[in-house]
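Everything below concerns the one structure shown next.
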Amino acid sequence: MYGWWGRILRIDVSKRKYVVQELDPSIYSNYIGGRGLAVKILWDELVPGVDPLSPYNKLVIASGPLSGLPLPSSGKLVVASKSPLTNGYGDGNIGTMASVHLRKAGYDAIVLEGASDKPIYLYIENDNVEFMDADDLWGRDTFDAEDKLVREHGRNIGVLLIGPAGENLVRYATIVSMKGRSGGRPGMGAVMGSKKVKAIVIKGTKNPPIADEKKLRELSEASYKEILSKENYDFWIRQGTMATIVWSNENSVLPTMNFREGVWEYYDTISGDLMEKLKVERRGCPYCNMQCGNVILDEKGEKSELDYENVAMLGSNILLPDLRKVAELNKLADMYGIDTISLGNSLGFIMEASEKKLIREKVEWGDYGEVKELVKDIAHRRGLGAFLAEGVWRMSLSLGREAQDFAMHAKGLEVSAYNCHAAPGMALAFATSPIGAHHKDAWLIGLEVKMDRFAYNREKVEKLIFLQRVRGGMFESLTTCRLPWVELGLNLDYYPKILSATTGIEWSMDDIYRVADRIYTLIRAFWIREYNGWSRIMDYPPMRWFKHPLTKGPFAGVKLDISKYDKMLSIYYEIRGWDERGVPKKETLEKLDLKDVIPVLDSIVGLR
Ligand code: PTT
Ligand code: SF4
């Protein structure tokens, strides 16, 4: 087999044992890798209904056939598990040297099982795995802990680690790497913490088997060159994702005051233009010539790497008009290993709950001093921080009906930084994202602002499914960064060609879309199996967008229309081959070679 090693490393941290398992080649041709491999393992192996924070949950760290190869933006890997935040399927995508070393160590994925009785870290060097004592690492932040591991094992390693938030089982704790790359929004860091694994250090020295090295080199050179030749390359290098602040404000989608509004009069206090003036460094993931990690000095004069989502959620969404202060909160989130999107949502939610007197504590909008303390308290689950550590969905359930209307989540995952009062297509994208309200599977808003904003039509649904196939299916299974295509328009045709040269199997775009549909349908089956009482309401966006119209900007007075939204959702189901409940039909499961799913879903919901 070329492209894949055909081997995964299974580590039981309860028994401190590991085994290398060979996988059937059909798994790779049906699921490619990354997210596909992860959901296949989780579907096959988890005990249905398992508690996500129990030893019986599993954490999958999966590469794809292109990860870690010298190709544009290929230094990515997927971390996946049953989510302690949503109780459904959860994953995230991290750009890290750990991706390169995982491939070089000779594995396609690592599966962590069980739970250690005391803190440990794993040292993996090719075929050898050591269970190391982590008493001295536990409690340290991710920056400090990574420095210590580098002193111990040298620079030539890949490290994935959790901070205090993961250790203390904050439901939206992430896994962090390289002081600023963070992934696994739906609590993958908490799953790692529940296993008492502080870090995974990987060192590999082998080269993955490639079918046609010469062809791959040619395609790699051509695609790197094409990226450099793009008209907006220079602007991208200057601002990266931070350019989106101005764009979002112009298009009335900048999350403001817990998504109450889509415009903010102080947007220029957190903008990409300001960031450019303050920038001291640029960073990025391995093998990338787009290096989009923009670093400024925060309030304390320390380095903080900014991205659009972080800045919007910790800036406009909580009304904090100061980029250096936002940068300080962002740095704390990376150090503690907390997802910035869920953090900004949880803070916005608690500020609104305080304003409406639904809680006793006073938390004012934009109160930087209070917020800084709260971030630390969330990571350590202290006082009000322990409540916030549960995430918006759980907080809203305990505060009653009124709070549920301004709880900004779908399926339990907090919404990323795009307000959708005037964007029904993007609202559907959030609501049907396979991990909850994340933008990564379909950033439809970029297209929607150029279409009829207020239309609820088939054209939008078709575009949404196209994006889910490419972004959520192809990029998450290959596993490479999607930004060369999304931001600079790198030709999509490169990807099937590169995959074919790597694996020696001829892949067309349609073959990849078929895998993408299989992955989506299996993830949907996973949700239905794990989530007691599935219904189409699970595919609804936050109620605020239906109930509370915007009061500012060009779209003042606008909100979503629930019956039109519902019709659009039916079109989505029809195209996917799912029934009116959002359950895959029997014929769809047969068509996608998911026959083993049929009896399971049939016994839970009755297939149509
Ligand atoms: C991603 C989500 C995003 S998406 C952002 S900013 W973005 C936030 N980043 C966080 C952060 O930083 N620190 C932190 N403590 N929490 C954070 N939460 C948020 O997490 C990220 C980039 C970005 S920056 C984006 S769009 C693209 N995402 C990709 C993706 O999902 N898949 C893919 N194949 N390629 C992608 N390329 C881009 O990668 P999650 P990273 Mg991230 C500091 O992890 O869980 O997927 O959530 O991994 O290495 O930092 O790269 O405007
Ligand atoms: Fe990483 Fe940015 Fe490059 Fe993507 S474009 S690989 S997120 S540095």
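When a 1.4 Å probe is rolled over the protein heavy atoms, the share of accessible surface on the chain that falls to carbon and sulfur comes to 49 percent. Residues of segment 347-367 with an amide N closer than 13 Å to a point placed 7 Å from the Cα of SER398 along the Cα-to-Cβ direction: 359-361.
Rolling a 1.4 Å probe over the protein heavy atoms gives the chain an accessible area of 34 Å² per residue.
Loop-resident trypsin sites (Lys or Arg not before Pro) (DSSP state other than H, G, I, E or B) in segment 410-504 with no more than 12 further Cβ atoms inside 10 Å of their Cβ: LYS450. Alpha-carbon geometry of segment 148-246: the Rg and the Dmax are 18.8, 49 Å, given in that order.
In debye to the nearest 20, how big a dipole does the chain give about its Cα centre with +1 on each Lys and Arg Cβ and -1 on each Asp and Glu Cβ? If you can, show how the numbers build up before the last one.
Numbers: 81 positive and 82 negative charges, 104 e Å.
It works out to roughly 500 debye.
When the Cα positions of ILE318, PRO65, VAL111 are compared along the charge dipole of the chain, VAL111 comes out farthest toward the positive end, with charges on each C-beta of Lys, Arg, Asp and Glu. Taken one residue at a time, the phi angles of segment 312-322 give Karplus couplings (6.51, -1.76, 1.60, θ = phi - 60°) of 5, 6, 9, x, 4, 5, 10, 6, 10, x, 7 Hz. Gly and Pro are set to x.
Candidates LEU216, ALA38, ALA134 compared by Cα position along the dipole of the chain: farthest toward the positive end lies ALA38, with charges placed on Cβ. Kirkwood hydrodynamic radius computed over the chain comes to 23.9 Å, based on all pairs of distinct alpha carbons. Distance between the modelled labels on ILE562 and PHE454, one decimal in nanometres: 2.0 nm (7 Å Cα→Cβ projection).
Among 169-176, 27-34, the peptide with the highest mean count of other Cβ atoms within 10 Å heads the list, and the full ranking is 169-176, 27-34.
Looking at the calculated P(r) for segment 7-203, what percent of the C-alpha pair distances fall above 29 Å? Each step should come with its number before you reach the end.
Working: 2223 of 19306 pairs.
Summing the P(r) tail past 29 Å for segment 7-203 gives 12 percent.
Extending 7 Å from the Cα toward the beta-carbon at both ARG16 and PHE235 defines two label points whose distance is 5.7 nm.
In terms of packing, defined here as the mean over residues of other Cβ atoms within 10 angstrom, the peptides 109-122, 565-578 line up highest first as 109-122, 565-578.
Membrane-span-like helices in the chain, defined here as complete DSSP H runs extending at least 15 Å along the helix axis by their C-alpha atoms with mean Kyte-Doolittle hydropathy no lower than 0.5, are 340-355; this is a sequence and geometry rule, not a statement about a membrane. Binning the alpha carbon pair distances of segment 408-546 at 5 angstrom intervals from zero yields the distribution 2, 10, 18, 21, 19, 15, 9, 5, 2, 0, expressed in whole percent. Among 301-313, 187-199, 349-361, the peptide with the highest mean count of other Cβ atoms within 10 Å heads the list, and the full ranking is 187-199, 301-313, 349-361. Mind listing which GluC sites (Glu not before Pro) in segment 450-514 are in a DSSP loop and have 14 or fewer other Cβ atoms within 10 Å? Sparse-neighbourhood loop GluC sites (Glu not before Pro): GLU506.
The residues neighbouring LYS591, those whose beta-carbon lies less than 11 Å from its own, together hold a net charge of +1 under the Lys/Arg +1, Asp/Glu -1 convention. Annotation for ARG151 and LYS591: the two label points, set 7 Å from Cα along the Cα-Cβ direction, are 5.9 nm apart. Note that segment 235-379 shows a convex hull volume over its alpha carbon atoms of 100 Å³ per residue.
The values are calculated or read from the model by the stated rules, or taken from the named source; none is laboratory data. In this text the structure is predicted, and so the values were computed from the model without any measurement. Ideal geometry is used to build each Cβ from the backbone, glycine not excepted, and the neighbour counts take in all protein chains shown. Ligands, DNA and RNA are stripped out before the accessible areas are found, and what is left, the full protein with its side chains, is counted by its heavy atoms. Shrake-Rupley method; radii C 1.70, N 1.55, O 1.52, S 1.80 Å.
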